[in-house]
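In what follows, a single structure is set out as structure tokens and then discussed.
The values are calculated or read from the model by the stated rules, or taken from the named source; none is laboratory data. It should be emphasised that the depicted structure is a prediction, and the values quoted were computed from it without experimental measurement. Because the Cβ atoms are built from the backbone with ideal geometry, glycine has one as well, and the counts that use them run over all protein chains shown. Calculation scope for accessible area: heavy atoms of the full protein, side chains included, ligands and nucleic acids excluded. Shrake-Rupley method; radii C 1.70, N 1.55, O 1.52, S 1.80 Å.
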Amino acid sequence: MQNEPEPNVILHQNTQLLNTLLTKTLKKQIGHSLLALIKQIFNRSKHFKEKPEETIQSLKKTIQRLPTHKLLPITRAFSHFLNLTEIAEQYHRVRRRHWHQKVGHPPQPGSLEAVLPTLIHQGTSPHLLYRTISQLNIELVLTAHPTEVIRRTLIRKYNKIAAQLEQLDQENLTRNKQKDIMHDLQTEIHSAWQTEEIRHHKPTALDEAKWGFSVIKESLWHAIPAFMRDLNKVLLETTGKTLPLGVIPIRFASWIGGDRDGNPNVTATVTQEVILLARFTAADLYLNDIHTLKKALPKNTKSKPYNLLLDVEKRLIVTKNWIEYQLGQRKTAPQKSLLDQTYRKSTELLKPLMHCYSHLKSVDQTVKDQLLDLIYRVTCFGLHLIPLDIRQNAKKHADLMNTITQQMDLGLYSQWSERKRQQFFIKCLQSKKKWLPKNVKLTTESQEYLETFKVITTQPHDSFGAYVISMTSHPSDVLLVLALQKALGVVKPLRIVPLFETQTDLNNAATCMNQLLNIDEYKKTCRGTQEIMIGYSDSAKDAGLLAASWAQYQAQEALLQVGKCHKVNIVFFHGRGGSIGRGGGPTHFAIRSQPPGTVQGRLRVTQQGEVIRHRFGLQKIAERTLAIYTTATVEATLLPTSRPNSQWRKLMDHLSQASLDAYQALIKKNPHFNPYFYAVTPINELDKLTIASRPSRRHPDASFESLRAIPWVFAWTQNRLLLPAWFGVGEALRSAYLKDRDLLNQISKEWLFFSSLLNMVEMVLAKADLNIFLQYETQLGLKKTRPFGDSLRRSLLTTKNSVLKILHQKKLLANNSTLERSIQVRSPYLLVLHLLQIELLKRHRKNKMKKDQPCELTLLISIGGIAAGMHNTG
């Protein structure tokens, strides 16, 4: 064991192995001469770090001479090399943890084994730790936000390759077994090469839902029970107890098929179909588990466990058949006499399984473990698999009300004062009569909104999560949805979650919620708890990273105080994206750096786009992710961070304002910005990347306001400037450093919110590359905007220097060798893809009146390759 190679050695070997196998595939698929050219290009690109200018010029000349039909296989090859490197790194994350355990190294930071014993050692009583964990309520919400560029077909192939690397790593493999695994690896890589990278058609909302279900089936279904076994093991060691059956700290929810904000493709019919499909998938998965258990149990008619499982199996079959009939996949409905046997509540399924477990005596421990795993799954996923949130924009509800109030002869709702709106809805809620007129004539769009509420009435309550209102500004936005639920006969209304996302709405959030909770008719529906969603994407797009982060922090503090005044528990739902510019970053720091008192064992967080694959795509990585969410939430609850004093707040106000002024002067006031943005990024070309059912714009115009936050961030990631994640920070830090150097140094060491913000900016700056960005500007930019580009580069260098000064570092990532190595390994592949993309953009834009399909396809592949290589794209 002592002679076993370090994980970094194995990582290098696995990367080389996968690249060698891809090279063998390329040799057969594209021929010797093109493969020789690819090798030549790669060998030159490896000198980028030492000789950036010389390397770029050499590669640029080669690429510019090549015809488009040759650029296609070259672009595909470098994209595949990058994806295989990513697979090796993903498996490395799994193997590193296993290796540390084997050789007796300390547990990894954030792991259950590291955090829970440390909390006990630091003075937390075993009783308090146990109680805190047993009361945890963490919900991770999967969304279909369009930042995952890799097709699901390819993701499955990549997961198989990762599994084969794990097989290859087993001890005492025979030579024949090793040969078989190598053959399987080669076959899978060959198959991946033959798979098209780009979808020809946008996925439907139902396609996206199926992708979400596949993450559960292929990874989380196995990760949840494994995580629970680990948690109970560490709990037993630290507190002397395990969690009771039926208690689980983490659950999942979804927006996929329920998020209709700006997505006309999500209809009431789609939502109903997604819910039914989720229930069908759950029933099918449980049936498979029951079949496995039945085979392991002795077939004894007197055996209570066996008979209980038989009854569960019969009811699951009836349930599955009934859902198939509702989905139109079965012509005849189950017999009426059987319909009473369909499962309607998760407790109906959980109760006999727990009863069965209590009666297992003289059976193999493996059987007990299998049944326990099933109980964990039912506790986590229920009959609904994953409850669906409904999300809609407040303006759309107002449009619906305009139609209704006009037919009630009450004028235009949009012209009512806020006071009049509140009084109207309070009367609606107080009255026992239905306030909505019968046979109201609606537009097709407005009718669709009402149909959504009707779906809520027809499906089991457990199939739904929250009703999220995006762009909430006023109490009436919330009252309206509550009144509509009542009017349309929703017996058990969905909890309503206002989403505050622009900087203005964040600043006014506490005032809005205070007014809302002063309304008795609303407050009694809360039952002591109000969930509030904090938006990261639009606030950062609107105000820049630093100002938005401070607005989010202050909004949470103020909302927490509102909750205390009204004796209502506030639960925060964080709408984080994958990139730093949309609230992304390391999970542990993101949770730990929240304002003190805002976590309290309860947390909701979105999991978006490529983040879902990175965090949950492989079972072992999913287990690690679940552990990190658990430990970070426990620490944030038991050991809240320092509360900023008045000096810290004053400095943060100054930094925020300076950053906001610089950001908005650039984005909203500089006339050169818009043409520059459209020239040096592939923003227009992103629309052709069919990665989601949702449009990239809220409105069809080309304005900055209509552009969604995801393509805004995505576009700047492609050219390696990553502007949304740092612009304004440098100007703010530089001015503050000259006046308050000592205070800046203090808060960077003592305030986790500020230090984590600095660390995230440091990560972004490390991924930015001015040499590459300069090529986008010089080859794609407009001559008259060249001085504008110079100012952006100076700003990035200012930000870098300011961050390094405050962190007391000579270089970026001085304390993050893992990320530094990852960036260096990807650098040669990414450089080539960037230069290919620039050339393709030139050709595509020059011939935009002609339909040049090979050029457009190759360009889209380059976008996907760079996105995969950069990780946090949106």
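A few comments on the model shown:
- Solvent-accessible heavy-atom area per residue, rounded to whole Å², over the chain at 1.4 Å: 42
- Taking the charge dipole of the stretch 171-305 about its Cα centre, with +1 at Lys and Arg Cβ atoms and -1 at Asp and Glu Cβ atoms, the residue from T195, N176, L231 reaching farthest to the positive side is L231.
- Links that overshoot a 24 Å alpha carbon limit, given the list K39/K800; K427/K486; K314/K351; K60/K783; K420/K541; K157/K217: K39/K800; K420/K541
- Placing +1 on each Lys and Arg Cβ and -1 on each Asp and Glu Cβ, with no other charges, gives the chain a dipole about its Cα centre of roughly 880 debye.
- Debye intensity ratio in log₁₀ form over the Cα atoms of the stretch 617-693, taken at each q of 0.14, 0.16, 0.22 Å⁻¹: -0.93, -0.90, -0.94
- Distant alpha-carbon pairs in the stretch 342-492 (separation over 20 angstrom), percent: 60
- Ordered from highest to lowest accessible area with the whole protein assembly present and a 1.4 Å probe, S470, S817, S431 read as S817, S431, S470.
- Placing Y325, Y678 in order of accessible area, with the largest value first and a 1.4 Å probe, yields Y325, Y678.
- With every protein chain in place, the stretch 334-416: carbon and sulfur % of accessible area (1.4 Å): 50
- Scattering curve values for the stretch 485-596, log₁₀ I(q)/I(0), Debye with Cα scatterers, q = 0.16 Å⁻¹: -0.75
- Taking K492, K810 and ordering them by how much accessible surface each has at a 1.4 Å probe, largest first, produces K810, K492.
- 5 Å-binned pair-distance histogram of the stretch 1-73 (Cα, whole percent): 3, 13, 17, 18, 17, 15, 8, 5, 3, 1, 1
- When the Cα convex hull of the stretch 1-140 is projected onto planes of every orientation, the mean area is 14.6 nm².
- Max-minus-min Cα coordinates of the stretch 545-637 on each principal axis give 44, 27, 17 Å, with the largest extent listed first.
- Packing rank of 474-481, 158-165, 710-717, where each peptide gets the mean count of other beta carbons within 10 Å, highest leading: 710-717, 474-481, 158-165
- Within straight-line reach of K202, meaning a Cα separation under 17 Å, sit the following lysines at least 8 residues removed in sequence or on another chain: K210, K688.
- Alpha-carbon centroids, the stretch 29-55 and the stretch 570-631: separation in whole Å: 39
- Kirkwood-type hydrodynamic radius, the stretch 255-367: 16.0 Å, calculated from all non-identical alpha-carbon pairs.
- Global form of the stretch 766-849, assessed from the alpha-carbon gyration tensor, a/c cut-off 1.5: oblate
- Three-way shape label, the stretch 96-219, alpha-carbon gyration tensor, a/c 1.5: oblate
- Net +/- balance of residues flanking N19 in space, Cβ distance below 14 Å, scoring K and R +1, D and E -1: +3
- Summary value for the chain: 17 percent relative contact order, contacts being C-alpha pairs under 8 angstrom separated by 6+ residues.
- Think of the chain as a dipole: +1 on every Lys or Arg Cβ, -1 on every Asp or Glu Cβ, centred on the Cα centre; then among L37, Q619, P126, L37 lies furthest on the positive end.
- Sum of side-chain charges, P644 neighbourhood, beta-carbon under 11 Å (Lys, Arg +1; Asp, Glu -1): 0
- Within the accessible surface of the stretch 707-829, defined with a 1.4 Å probe on protein heavy atoms only, the carbon and sulfur portion equals 51 percent.
- Taking every DSSP helix (H) stretch of at least 4 residues in the chain, weighting each as -39,500 (n - 2.57) and dividing the sum by the residue count yields a mean residue ellipticity at 222 nm of -20500 deg cm²/dmol.
- Under 5 Å between amide hydrogens, built in the peptide plane, is the criterion, and for F464 it picks out L388 among residues at least 5 positions away or on other chains.
- Whichever lysines have a C-alpha closer than 16 Å to that of K739, once near sequence neighbours (fewer than 8 apart) are set aside: K650, K805
- Sorting 348-358, 69-79, 289-299, 747-757 by average packing, meaning the other beta carbons within 10 Å per residue, from highest down gives 69-79, 747-757, 348-358, 289-299.
- Dimensionless Rg ratio for the chain, taking C-alpha atoms and the 2.2 N^0.38 Å reference: 0.97
- Between L639 and R344, residue separation times 0.36 nm minus the direct Cα-Cα distance comes to 102.1 nm.
- Sequence-distant aspartates and glutamates (8 or more away, or on other chains) whose Cα lies within less than 15 Å of K441: D399, D409, E451
- Packing-based ranking, highest mean first, of 538-550, 445-457, 661-673 given that Cβ atoms within 10 Å are counted: 538-550, 445-457, 661-673
- Per atom type, the stretch 567-654 shows carbon and sulfur on 50% of its accessible surface, probed at 1.4 Å.
- In terms of distances greater than 24 angstrom between alpha carbons, the cross-link table entries K70/K846; K433/K523; K51/K810; K46/K70; K302/K336 yield K302/K336.
- Fully extending the segment from K749 to S817, taken as 0.36 nm per residue of separation minus the present Cα-Cα distance, adds 22.4 nm.
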